[in-house]
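The values are calculated or read from the model by the stated rules, or taken from the named source; none is laboratory data. Just so it is clear, the structure is predicted and the values come from calculations on it, not from any experiment. Neighbour counts run over all protein chains shown; Cβ positions are idealised from the backbone, glycine included. Surface accessibility is based on the protein's heavy atoms, side chains included, excluding ligands, DNA and RNA. Shrake-Rupley method; radii C 1.70, N 1.55, O 1.52, S 1.80 Å.
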Amino acid sequence: MNPSPPILLSVDGVSCQYGRRTAVANTSFALARGMLACLLGPSGCGKTTLLRAIAGFHQLRAGSIHLNGRCLSDARGSLPPERRNLSMVFQEHALFPHLNVEKNVAAGLHAVTRAAQKKIARRMLERVGLSDLSRRYPHELSGGQQQRVALARALAPKPRLLLMDEPFSNLDLDLREKMRQEVRSLLKEFGATCLLVTHDQQDAFTFGEQVGVMHNGAIEQWDTAYRLYHQPATRFVADFIGEGVFLDGVVAANHQIETELACLRGARAHSYAVGTAVKVLLRPDDILHDDHSSRTAKIKKRTFRGENYLYTLALPSGKEILSLVPSHHKHAVGEDLGIVLDIDHLVVFAAADC
Ligand code: ATP
């Protein structure tokens, strides 16, 4: 078995404030060397403040930040950004408009001679596939090309850690998807360690080997995207990640949960005493379509998603659930749709906590 890579970035009990207002509250996580991680959360949850604190642009109120074992910041003081051995890529790429591509990349290099700057910049442009465009100016580049220049500039000084703040949000949808993949494989090729901030789940899922979901200034779960989706630790994470609805249930004997739809069974039911009122998360892909099923629900709404239809179905109580069905199964609103349950991971929370 390969030993796990050593921790590069360690964020311990960090709190940040703007005046008396807390933006990051007692937050901790650790990032191993060579990992690509994301901070994901809704607007205002404190992602950018935490990233800026790691970069050295924001003082800590409490806690500490270490990079490779060296203290970068604590409540007593902090190392200036330029002495942290990290690079940051901003949302708008922040290229110098008056410098050509090669000079933009060279501008990230300080402690070397002009000749060395040139050599490194050329090598970086070759690696990101932009050698042919080295004489162009930023306004003569597409959004994706500008992004690669920004990345080349950030990686040129070989930072220990790369920080990226919403790097894909200015790109249109098609390019965004392409650049997520492209930037990810480039960073993997470079063996870079990266922390990216985004409010977009697809960015986080495509890019992040580890994702921290933030809410009200704190990380609620630091995990793989798969586990965030299938085993959310809190009600907020369950709501924020993916789609789904919560169905009322009551824990019965033998670790079963009685719901209006069916009697469900799963490991999480073991955590609650018989008789506990709970909420069970049902994802659209937990509910499959089957014309031969005796269990049916009435179609209230149908949304075309290309490969699939997302059906909103009403149970007899009026409670609505979602079902994702391949789009060659076209049923009309008002019809009863035959359904079967296929729940691999039962996600349950005590109703009292919701
Ligand atoms: P977004 O995705 O919208 O950029 P975010 O998750 O990055 O949001 P932050 O920018 O870190 O959130 O902001 C966290 C909180 O701190 C918010 O409530 C915000 O209003 C507040 N805040 C941010 N910058 C300042 C500032 N300069 N002065 C006062 N409050 C601020």
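Using 1/(1 + (r/R0)^6) with R0 = 22 angstrom and r between the beta carbons of residue 329 and residue 202, what's the FRET efficiency to the nearest 0.05? Working from the Cβ atoms, E equals 0.30.
Determine the gain in length on full extension of the stretch residue 293-residue 135; use 0.36 nm per residue of separation and subtract their C-alpha separation, reporting nm with one decimal.
Details: separation 158, 0.36 × 158 = 56.88 nm, distance 6.48 nm.
Here the answer is 50.4 nm.
Dividing the mean sequence gap of close Cα pairs (under 8 Å, 6+ apart) by how many residues the chain holds gives a relative contact order of 15 percent.
Accessible surface computed residue by residue for segment 243-353, with neighbouring protein chains in place and a 1.4 Å probe, gives 52 Å² per residue.
Given the Cα-Cα distance of residue 169 and residue 57 and 0.36 nm per residue of separation, how much length would full extension add, in nm? Intermediate results must be reported in sequence, preceding the final value.
Numbers: separation 112, 0.36 × 112 = 40.32 nm, distance 2.16 nm.
That pair, residue 169 and residue 57, stretches by 38.2 nm at full extension.
Considering all projection directions equally, how large on average is the shadow of the alpha-carbon convex hull of segment 129-225, in square nanometres?
Values: hull surface 28.2 nm².
Directional mean of the projected Cα hull area for segment 129-225 stands at 7.1 nm².
Between segment 1-80 and segment 143-181, how far is it from one alpha carbon centroid to the other, in angstrom? One Cα centre to the other: 21 Å.
Go ahead and set up a Gaussian network model of the chain, Cα springs under 10 Å, then flag whichever of 271, 15, 43 fluctuates most. With Cα springs under 10 Å in the chain, the top fluctuation among 271, 15, 43 is at 271. Stokes-Einstein diffusion coefficient for segment 7-239 at 37 °C in a medium of 0.692 mPa s, Rh from the Kirkwood formula over Cα pairs: what value in µm²/s? D, rounded to a whole number, is 181 µm²/s.
Stretched out straight at 0.36 nm per residue, the stretch from residue 341 to residue 4 would grow longer than its current Cα-Cα span by 117.6 nm.
Give me the accessible area per residue for segment 136-239, probe 1.4 Å, as a whole number in Å². List each step's numbers first, then the result.
Values: 4160 Å² over 104 residues.
Result: 40 Å² per residue.
Tell me, Kirkwood radius of segment 187-320 from alpha-carbon pair distances, in Å? Write out the running numbers ahead of the final one.
On the way: mean 1/r = 0.0573 Å⁻¹.
Final number for the Kirkwood radius of segment 187-320 is 17.4 Å.
Quick one: angle between helix 114-127 and the longest Cα principal axis of the chain, in degrees between 0 and 90, rounded to 10, please. Helix 114-127 sits roughly 30 degrees off the main axis of the chain.
Output the relative contact order of segment 243-353, whole-number percent, from Cα pairs under 8 angstrom with separation of 6+ residues.
Details: 250 pairs, mean separation 34.5, N = 111.
Relative contact order, segment 243-353: 31 percent.
Taking label points 7 Å from Cα along the Cα-to-Cβ direction, residue 110 and residue 260 give a separation of 6.2 nm. The Cα trace of segment 243-353 gives Rg and Dmax of 14.4, 43 Å, the first to one decimal, the second as a whole number. Site pair residue 122 and residue 243 shows an inter-label distance of 5.3 nm when each label is modelled 7 Å from Cα along Cα→Cβ. Against the chain, whose longest principal axis comes from its Cα atoms, helix 173-190 is set at around 60 degrees.
Accessible area of residue 96 (1.4 Å probe, protein heavy atoms only, ligands and nucleic acids ignored): about 80 Å². Comparing 25, 204, 314 in a Gaussian network model of the chain where C-alpha atoms under 10 Å apart are linked, the largest mean-square fluctuation is found at 314. Build a GNM of the chain with springs between Cα atoms under 10 Å apart, and of 257, 54, 287 the one that fluctuates most is 287.
Which value, to two decimals, describes the C-alpha radius of gyration of segment 9-142 once divided by 2.2 N^0.38 Å? List each step's numbers first, then the result.
Numbers: Rg = 17.9 Å, N = 134, 2.2 N^0.38 = 14.1 Å.
In units of the globular-protein estimate, segment 9-142 measures up at 1.26.
Between residue 94 and residue 20, what's the calculated FRET efficiency when r is the beta-carbon distance and R0 is 25 Å? Round to 0.05. Don't jump to the answer; show the numbers that get you there.
Working: r = 31 Å, r/R0 = 1.24.
For residue 94 and residue 20, the calculated efficiency is 0.20.
Heavy atoms only, probe 1.4 Å: what % of the accessible area of the chain goes to carbon and sulfur, would you let me know? The nonpolar share, carbon plus sulfur, comes to 49 percent.
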